[in-house]
Amino acid sequence: MGVGISFLISLKATVHFIVFVFLRSLGFTLLSLPFLYASLVSLLIALASHPSINLPMLLGKKSDGSFPIWSIILFSPYIYFVRIFSVLRRLNSGEEPYSEVCEGLYVGGWPNSMTTLPPGNPAIIDCTCEFPKLREFEGHSYLCVPTWDTRSPQPGEIESAVKWGSRKRAQNRPVFVHCAYGHGRSVAVACALLVALSIVEDWREAEKLIKKRRPNIQMNALQRKALEEWSKHRLSTARREK
């Protein structure tokens with residue numbers, strides 16, 4: 001499964017706490033307090049993002065993609081860190097913000113401006129719990145599937161996103177599925193959508209197709225497991241309908 005968000009954020013919490021202790025030992029009490037707070041926030045997020053807990057709603061992201069003011073204040077050390085890190089990583093990688101994996105279906109990273117949004121007034125499936133929907137996108141159809149980074153939407157959430165995306169494609173609307181970078185969470189949903197649209201026969205073929213268009217994708221074991229469970233449920237439903 002690789003290194004997940006819980007482990008990474010735990011390291012971040014540890015580093016902040018070490019800095020807090022160091023500054024406190026030098027007598028810089030006031031200067032040390034923000035590091036203590038950042039450490040506690042990171043620890044809380046590390047726990048909430050662990051697969052055994054998996055509570056993406058901790059950050060309070062609403063169904064319209066906005067964050068309440070209490071969340072912005074309370075979790076500011078994490079929320080602004082991931083936004084800044086996302087922008088810097090995109091600049092450093094040189095990767096395209098989105099890729100068209102088949103006609104009318106796009107996969108990519110968090111759209112932080114109009115220039116990083118695919119053309120054609122796309123319907124947006126947002127697979128993040130840590131990034132906001134920008135006000136510039138108010139006119140776009142929008143579905144939020146809040147998921148921690150390195151984790152996966154649940155099979156039921158994948159199915160809801162697939163049904164929503166299929167309806168938009170039936171209306172000839174382009175669909176943009178995004179997470180932070182367009183490598184994991186969004187790919188899982190896009191794989192299922194490709195199957196539902198009869199572009200491919202199963203999610204494994206879908207993954208190969210997406211990888212040809214967006215080479216840096218890398219789903220993990222949790223995301224593949226969720227897709228496998230979604231596929232089994234979908235097949236059993238089809239048999240009952242027959």
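Annotation: per residue accessible area for the chain equals 51 Å², rounded to a whole number [probe 1.4 Å, protein chains only]. Highest GNM mean-square fluctuation among Ile18, Ile210, Ile45, for the chain modelled with Cα contacts below 10 Å: Ile18. Dividing the C-alpha radius of gyration of the chain by 2.2 N^0.38 Å, with N its residue count, gives 1.08.
Annotation for the stretch 62-149: GluC sites (Glu not before Pro) lying in DSSP loop with at most 10 further Cβ atoms inside 10 Å of their Cβ are Glu103, Glu138. Only lysine pairs 8 or more places apart, or on different chains, with alpha-carbon atoms under 25 angstrom apart are counted in the chain, and they number 25. Annotation: cysteines of the chain without a disulfide-compatible partner (Cβ-Cβ under 4.7 angstrom) are Cys102, Cys129, Cys144, Cys191.
Structure remark: mean-square fluctuation, Gaussian network model of the chain, C-alpha springs under 10 Å; the largest value among Leu59, Leu197, Leu91 belongs to Leu91.
The values are calculated or read from the model by the stated rules, or taken from the named source; none is laboratory data. Note that the structure is predicted; figures quoted are calculated from it, not measured. Because the Cβ atoms are built from the backbone with ideal geometry, glycine has one as well, and the counts that use them run over all protein chains shown. Note: accessible area is taken over every heavy atom of the protein model, side chains too, but ligands, DNA and RNA are not part of it. Shrake-Rupley method; radii C 1.70, N 1.55, O 1.52, S 1.80 Å.
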